[in-house]
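K.L.:
Below is a structure I'd like to ask you about.
The values are calculated or read from the model by the stated rules, or taken from the named source; none is laboratory data. Values in this document were obtained by computation on a predicted structure and should not be read as measured data. We place every Cβ from the backbone using ideal geometry, glycine too, and count neighbours over all the protein chains shown.
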There are 2 protein chains.
Amino acid sequence: MPTIKFMPSQKIVEVPKGTSLFEAGKQAGVSVSTPCGCKGICGKCLVKIVSGQVDFENEGLLSQKLLSQGYVPVCKAVVSDSALEVLILSDLSGEKGKFDDSSDDLLLVSSELLPENKDFDFICKSVNLEISAPSYGDGLSDYDRLVSSLQKNLNITNPEIPLDLLQKLPNILRESEKNNTKSNITAVYYNKSAKIVLADIVSESNGEDLNRFGIAVDIGTTTVAIQLVNLENGSIIYSKTAYNEQIKCGLDVISRINYARKPEHLAELKDKITSTINALIIESAKKQDIDPLKIFNIAISANTTMVHLLLGIVPEYIRLDPYTPAVYSVELYTAGSIGLSICPNAPVYIAPSVGSYVGADITAGALCTSLACEDEDICLFIDIGTNGEILLGNNEFLLGCACSAGPAFEGGGITHGMRASNGAIERVEIDESKNIKCFTIGNSAPVGICGSGIISLIAALFRYNIIDAAGKFTNTDSDNYVSTNNSHSSKNPALILTKRGNNSNDISEDITLSESDIDNFLRAKAAIFSAISLMLNNIGLEFADLSRVYVSGGFGRYLNLDDAKTIGLIPPLDHDKFTFLGNSSLMGSYMTVLSQKHRDKITQLAQRITYLDLSTEPKYMDEYMAALFIPHTNSSLFM
Amino acid sequence: MPTIKFMPSQKIVEVPKGTSLFEAGKQAGVSVSTPCGCKGICGKCLVKIVSGQVDFENEGLLSQKLLSQGYVPVCKAVVSDSALEVLILSDLSGEKGKFDDSSDDLLLVSSELLPENKDFDFICKSVNLEISAPSYGDGLSDYDRLVSSLQKNLNITNPEIPLDLLQKLPNILRESEKNNTKSNITAVYYNKSAKIVLADIVSESNGEDLNRFGIAVDIGTTTVAIQLVNLENGSIIYSKTAYNEQIKCGLDVISRINYARKPEHLAELKDKITSTINALIIESAKKQDIDPLKIFNIAISANTTMVHLLLGIVPEYIRLDPYTPAVYSVELYTAGSIGLSICPNAPVYIAPSVGSYVGADITAGALCTSLACEDEDICLFIDIGTNGEILLGNNEFLLGCACSAGPAFEGGGITHGMRASNGAIERVEIDESKNIKCFTIGNSAPVGICGSGIISLIAALFRYNIIDAAGKFTNTDSDNYVSTNNSHSSKNPALILTKRGNNSNDISEDITLSESDIDNFLRAKAAIFSAISLMLNNIGLEFADLSRVYVSGGFGRYLNLDDAKTIGLIPPLDHDKFTFLGNSSLMGSYMTVLSQKHRDKITQLAQRITYLDLSTEPKYMDEYMAALFIPHTNSSLFM
């Protein structure tokens, strides 16, 4: 019977020829999410055939490129060979829904941009060293013997050996000594500006466990996401998100910068972000039974302020004219010096920023777009979050700008707004009788509404004329509305989306959407749309000149393009010009954790970006005011 | 009236022409110790005339070389010029006696070996940088502007900037910004394997205070000594010694190594030595009103085990066959990583060791001898301490060995033994009536007896036949003796040196010397002498082949050569072949704090030394047994 080995879990199962790969996985206890219920239409349950062959009829589902790389949907592939090795690309361990901003979209969207296996280089490399045992009168210290072995094996001079490794060197050498003639140890090292720096040494027996995992991190102002990545095959073993603990010190970047003005507050913000990241690292490592101190590779993307706060650098001058950050390209500091809980000597990679408000999250995101290729098609990259950042360009020019959208897309400033997590209303349908039906993440009882839910809701309300172009309710004379006061104590009617249960034990509130919620949301979408218009306008382009529009953001799992166009958030272009990237910053971080080539790519990208400051553009306020309507004052734009 | 400015205190006084420099100093409140009472015979009160002229008749007191360098004895020089700048070489701030192992001997002994002013290079250099203020849209971060200014000023690429400096960079730049056009800051940097590493940045106004002081440290197993050195003129501003706090964990190197076998004990030993050194640094800095965090230069010499313990490295394998230390040549680790309380990014220089028991203290000591020159005369360097270390060689060969003398020379294992500090009997005279007169350091009431006192005492007792060649009292039938028990409970008569006072409030003991004290001392001297004999013997040399013998050690201020020869501690050679160096390890450390050239010299010296292991020499035990007598079994050697 054919034997199937599932990686990275190494679970093995024997099944008869003709069994579907999905069934084989089930028998082996390996779970792969199959969003369309094994109908073979969503293409989201891809696995990679590492060795052996399967039977599979493509029927146009996958690109030729994906096929040639060995990807198949687990639900449609059938066991045909006697031995098969199958790589599960994202094993979410049953936590689907909660962590969906991770890897599901990774392969379908941008496989040609992802590092290929030949690009993987671990960044921190390991080398097995055979070191002669000390002999009486040889005049060589342990340090001398290590250095000379490194020089011989790596053909280098003067490796740098951190003090803590010198401290453990004598015992490591003697533990791994055999027959009093030689020691076998493994050294982990990396390159730093033409020098070799040692990150760890271990006695040989532990050597094989080293160096196989990396951590990709995206630090958002609101949400922090990490992935534990297998560096040998690129698979995402575990992913997890958490709120940035800094939220307690201010909801947006500007309030954090203000908070950081006292040195003890700056230290507090640094502590909070390192502790958020460390909790995620430790949890990931624990779930996979990995020692976090044996993780040597971490790549981080974040906006410019988050990078400053992570490094404990005064962020004040980011927000003061002339808006000069302390640093754009951060050298490789060690995890220990930054306070991250992996191997303390491991080098921490932080993607480069290009402006006060066009940060490493955007350069990392751009890695997921054709901007990272030598492509002459003009494309637009929109990252929608608390700050909206936009890149526009091709292989000849590249402009970047940022606008302050506020937290509405992540649920902030909305009465029942919330992050895209379990229980969040992510989609809304309204029927002919104007009944509202809410769909939540994880099909849980509704807790609140996330960004994609708000977009869906406002679009539906506008379509059914429940709100007008200014975002006001057309008729509030029904039981579906309650009257609330907003902060200015003026009239602020609110639509009830879901009623509190009748059970008296139910302490949940009604979930509502008020006019002032809609107003906050429209300000956010206007900030984004007016920035896009102005940018195109500035270099004499029109929407039609765009070959491709990439949209990313933490506002939900999937953006409904019709809804987004209905409300005037994105340019009115054909569907096939859009690509939804999910969390592109995390995706870029994933690529840089795997390959130096992609680190070099991002550096080149960052150097090409010209930063455009909207605050100095006289037309920006006009554009913004015009975009406060649904879809726009100039509704012909959206015809 | 002539104006006299005393450096480094910058005190100024006006005195009439013809006033002695000593008198002028007194009026200015500057104290210079004048051991011979201004008789102009000891040559120990040297000062350096930096500018201007004095009247002074040499009469053969100083060498032509010292004269040409501007040195004069303060007691004999007379003010002749209208303006004079005088450098006080060692201002012990009235603590004379207690700290005499510092600099008194420095200049007379080995001035030709000391770094000259032209060799001074501060090691950590400073550079004033003019950095353009940020301008809107220049696309340069603070880091970018710092790096480009460093590159321009120092003609380098890729300087390494520690994270804590990046953290303070934004504020430093803005504090020192003038007229919104540029910032003036001072950067302190050093070279590390062909790279420039930044140690600090300060706004210009503080820049001038930077970088002027260094710390020279000698870590002895028993005593730690430091000097605060003015790096601009080489003067020793302050010196201080303290017991090594590790003493609580074991008296000698071997017991410390044993103690360190538990990881928490190793950490304790590291803590104790760093806290000993830090207390000395902080005290020195405070006395001179210097911020210790603005000290960037520290040079350390110590035996191999002390280096391991300072760095927190397992010392176990130093004492186990094949006696392999973890490290001989330590790279430049930062003060922060080692735990020393100077600027945390300052590089810590540790002199190289060459063997388990021939450490950095010996290579540093050799810097004070003609072994550091291209000299063909064969010379012997003996460092007498808990371990005795011996170097023998010339420009063609260089041998090193070590023997375990035990702590007797530093007062250990002797009933009333003590370190050479206030109240220690340092010299003894016996008159024709066999009355014993004791002379103490600081002319204080006697508290105990130090190494030089024991040598003086045993020599006098032997000369007056109060003890015999085996170190036994010839006649104990007098009130001058008490009967004590030694550890083996056998008879152990002891000679009373000083009686307790009659005053009943006097709680001091009689100070005595017992036969078992003498025995311990003879074992120590036999270990040293037999090592010297064997070493010469090994390469077919005789005492007469030695052109020069250097003696150093912490056993007292001055070694009386006649006494040392009487007891058979040192080879029986003419007085003029001997040079007494005091604490040569500290002296070597002083040289390496001042000049890279001397760091290079010590590296070359270390590479030339061949380590000889006495424990494998079959003749060593015979030589040792023969040397247990006063002066030696073969007394013809000392005729």
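K.L.:
Output the residue which, of all residues in the stretch A:241-267 that are at pLDDT below 90 and among the charged types (D, E, K, R), is surrounded by the most Cβ atoms within 10 Å (Cβ to Cβ).
P.N.:
A:D252
K.L.:
I want to confirm something. Restricting to the stretch B:618-632 and keeping residues that are out of contact with any Leu (no Cβ under 6 Å at 6 or more places or on another chain) and crowded, with 16+ Cβ neighbours inside 10 Å, which single residue is nearest to B:D562 (Cα to Cα)?
P.N.:
Looking at the filtered set, the residue picked out is B:P631.
K.L.:
Okay, moving on. Would you mention how many residues in the stretch B:274-318 are in a helix (DSSP H, G or I), under 30 Å from A:D138 (Cα atoms) and away from chain A (no Cβ under 14 Å)?
P.N.:
Selection size over the stretch B:274-318: 1.
K.L.:
Assess whether A:G412 counts as being crowded, with 24+ Cβ neighbours inside 10 Å, of a type outside the set (S, T, N, Q) and either more than 18 Å from the chain's Cα centre (by Cα) or not in a loop (DSSP other than H, G, I, E, B) (or both).
P.N.:
No, not satisfied.
K.L.:
Right, another one. Go through B:P352, B:P322 for me and flag whichever is modelled with pLDDT of 95 or more and out of contact with any Gly (no Cβ under 7 Å at 6 or more places or on another chain). Spell out the reasoning first.
P.N.:
Numbers: B:P322 fails: modelled with pLDDT of 95 or more.
That would be B:P352, the only listed residue that is modelled with pLDDT of 95 or more and out of contact with any Gly (no Cβ under 7 Å at 6 or more places or on another chain).
K.L.:
Taking only pairs six or more apart or across chains, which ones have beta-carbon atoms under 6 Å, a first residue in the stretch B:158-174 that is within 8 Å of another protein chain (Cβ to nearest Cβ) and at pLDDT 95 or above, and a second residue that is part of a helix (DSSP H, G or I) and surrounded by fewer than 18 Cβ atoms within 10 Å (Cβ to Cβ)?
P.N.:
Matching pairs, first to second residue: B:L163/A:S337.
K.L.:
Suppose we filter A:L541, A:L536 for residues that are touching a residue at least 40 places away in the same chain (Cβ under 8 Å), of a type outside the set (V, I, T), closer than 24 Å to A:A372 by Cβ and not in a helix (DSSP H, G or I); which single one remains?
P.N.:
Among A:L541, A:L536, only A:L541 is touching a residue at least 40 places away in the same chain (Cβ under 8 Å), of a type outside the set (V, I, T), closer than 24 Å to A:A372 by Cβ and not in a helix (DSSP H, G or I).
K.L.:
Another question, if that's okay. Say we look at the stretch A:115-154 and pick out the residues that are aromatic (F, W, Y) and surrounded by 15 or more Cβ atoms within 10 Å (Cβ to Cβ); which of these is nearest to the other protein chains (Cβ to nearest Cβ)?
P.N.:
Out of the qualifying residues, it is A:Y143.
K.L.:
Determine which member of the set A:D321, A:D375, A:D361 is among the charged types (D, E, K, R) and assigned to a helix (DSSP H, G or I).
P.N.:
From the options A:D321, A:D375, A:D361, the qualifying one is A:D361.
K.L.:
In the stretch A:582-598, which residues are buried (at least 19 other Cβ atoms within 10 Å of the Cβ) and assigned to a helix (DSSP H, G or I)?
P.N.:
A:S584, A:S585, A:L586, A:M587, A:G588, A:S589, A:Y590, A:M591, A:T592, A:V593, A:L594, A:H598
K.L.:
Assess whether A:I295 counts as being touching a helix residue (DSSP H, G or I) at 6+ places or on another chain (Cβ under 9 Å), crowded, with 21+ Cβ neighbours inside 10 Å and over 29 Å from A:G385 (Cα atoms).
P.N.:
yes
K.L.:
Do we have any residue at all in the stretch B:513-521 that's in contact (Cβ under 8 Å) with a residue 24 or more places away in the chain, within 21 Å of B:P446 (Cα to Cα), touching a Pro at 6+ places or on another chain (Cβ under 9 Å) and surrounded by fewer than 24 Cβ atoms within 10 Å (Cβ to Cβ)?
P.N.:
yes
K.L.:
So which residues in the stretch A:564-597 are hydroxyl-bearing (S, T, Y) and over 15 Å from A:L546 (Cβ atoms)?
P.N.:
Scanning the stretch A:564-597 gives A:T566, A:S584, A:S585, A:S589, A:Y590, A:T592, A:S595.
K.L.:
Report, by residue number, each residue of the stretch A:262-274 that is more than 16 Å from A:T304 (Cβ to Cβ) and in contact with a helix residue (DSSP H, G or I) (Cβ under 6 Å, 6 or more places away or on another chain).
P.N.:
Selection gives A:H265, A:K272.
K.L.:
Would you mention how many residues in the stretch B:319-330 are under 29 Å from B:I123 (Cα atoms) and either facing chain A (nearest Cβ under 7 Å) or crowded, with 24+ Cβ neighbours inside 10 Å (or both)?
P.N.:
At the first step, the residues of the stretch B:319-330 found to be under 29 Å from B:I123 (Cα atoms) are B:325-330.
Now restrict to residues that are either facing chain A (nearest Cβ under 7 Å) or crowded, with 24+ Cβ neighbours inside 10 Å (or both): B:325-328, B:330.
Number of matching residues: 5.
K.L.:
Just to be sure I understand, how many residues within the stretch B:175-188 are within 13 Å of another protein chain (Cβ to nearest Cβ) and farther than 23 Å from A:Y611 by Cα?
P.N.:
Filtering the stretch B:175-188 down to residues within 13 Å of another protein chain (Cβ to nearest Cβ) leaves B:175, B:177, B:180-181, B:183.
Restricting the remaining residues to those that are farther than 23 Å from A:Y611 by Cα gives B:175, B:177, B:183.
Of the residues in that region, 3 qualify.
K.L.:
Next question. Can you name every residue in the stretch B:599-617 that is under 19 Å from the mean Cα position of the chain (by Cα) and within 21 Å of B:C403 (Cβ to Cβ)?
P.N.:
Across the stretch B:599-617, the qualifying residues are B:L605, B:A606.
K.L.:
State whether the residues of the stretch B:200-221 include one that is within 11 Å of chain A (Cβ to nearest Cβ), more than 23 Å from A:R319 (Cα to Cα) and modelled with pLDDT of 95 or more.
P.N.:
No, the stretch B:200-221 has no match at all.
K.L.:
Could you give every pair whose Cβ atoms fall below 6 Å, whose first residue belongs to the stretch A:223-249 and is in the same structural domain as A:T274 (by TED's automatic domain parsing) and at positive phi, and whose second residue is modelled with pLDDT of 90 or more and not β-branched (V, I, T), counting only separations of at least 6 or pairs across chains?
P.N.:
Once the first residue is in the same structural domain as A:T274 (by TED's automatic domain parsing) and at positive phi and sits in the stretch A:223-249, its partners that are modelled with pLDDT of 90 or more and not β-branched (V, I, T) give A:G234/A:L594.
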